[in-house]
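Asker: Dropping the structure in here first, questions after.
The values are calculated or read from the model by the stated rules, or taken from the named source; none is laboratory data. Since we're looking at a predicted model, the values are computed, not measured. FYI the Cβ positions are ideal-geometry reconstructions off the backbone, even for glycines, and counts take in every protein chain you see. These area figures cover heavy atoms from the full protein model, side chains too; ligands, DNA and RNA do not enter into them. Shrake-Rupley method; radii C 1.70, N 1.55, O 1.52, S 1.80 Å.
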Amino acid sequence: MDQTQRRMLGQPFSILTTQPKKKRISVMSFFSKVSCILRFQKSEPLKNVFFILAERARDPSAKKRHMAMRNLGTMACETPDKVREYKRIVLDLLVHGLYDPMSSEVIHESVKTLTIILGKTQAKGLGSFFIDITLQTRTLLDDENDSLRYSAFVLFGQLAAFAGWKWKKFFTSQVKQTQDSFLIHLQDRNPQVAKACKTTFRACSPYLRQRKECSFQSEEDQRNPKLCRQLMRK
């Protein structure tokens, strides 16, 4: 990839942050530039783009890491077939972003992009990434940021739909540990979060049932009879 293409990948964020508000380019304009690169890049394989993004995803600058996650989201929308082709690279970058120790914006962008990719791939070939994604997403359900909390519930609901037999036991244990979060956020101060929580709760409810009945035996389960009653009414 030549220097011009590198600059185009890195340019949008500097424009967005250094120009006055009225002169900043729109996000849609930025997405168009990335899409243009993907459509017309013929001299270099697309894999090089992923390697550039991999460098940026681990950059000391949170702004560059955030932009790398956003670029991956754009690529997932614009060239889903290519993203599937390099899925292992993409998932590694997104999981890395999901655990970002410094920036909630990087984490949020990773959550949104993972939601897109899981939807387009039906979560096929996640492998052990399923565990990493589930563990971190569950911790984000109680995040103080409304937008991140909302996105986390959406992603957790997708994970429930795609857990399958392979991860059923693991995901069941995670759902059981999420009961308190469900109870809290079904009444979330943000109506959109409450709605997302309700939808995800319904997707996860089969993992809390045994033989078509709600049966809580552990001490932790018995702390939530209210949740049990909600399940029984479904």
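Asker: Across region 205-222, which residue is least open to solvent (accessible area, probe 1.4 Å) among those that are assigned to a helix (DSSP H, G or I) and either among the hydroxyl-bearing types (Ser, Thr, Tyr) or modelled with pLDDT of 95 or more (or both)?
Answerer: Step one: filter region 205-222 for residues assigned to a helix (DSSP H, G or I), giving 205-208, 219-222.
Then drop every residue that is not either among the hydroxyl-bearing types (Ser, Thr, Tyr) or modelled with pLDDT of 95 or more (or both), which leaves 205, 207.
Numbers: Ser205: 2, Tyr207: 34 Å².
Taking the candidates together, the pick is Ser205.
Asker: Can you tell me how many residues within region 95-105 are touching a helix residue (DSSP H, G or I) at 6+ places or on another chain (Cβ under 8 Å) and over 17 Å from Phe153 (Cα atoms)? First the steps, then the outcome.
Answerer: So in region 95-105, the residues touching a helix residue (DSSP H, G or I) at 6+ places or on another chain (Cβ under 8 Å) come out as 95-100, 102-105.
Subsequent filtering for residues that are over 17 Å from Phe153 (Cα atoms) retains 96-97, 100, 102-103.
Total satisfying the criteria: 5.
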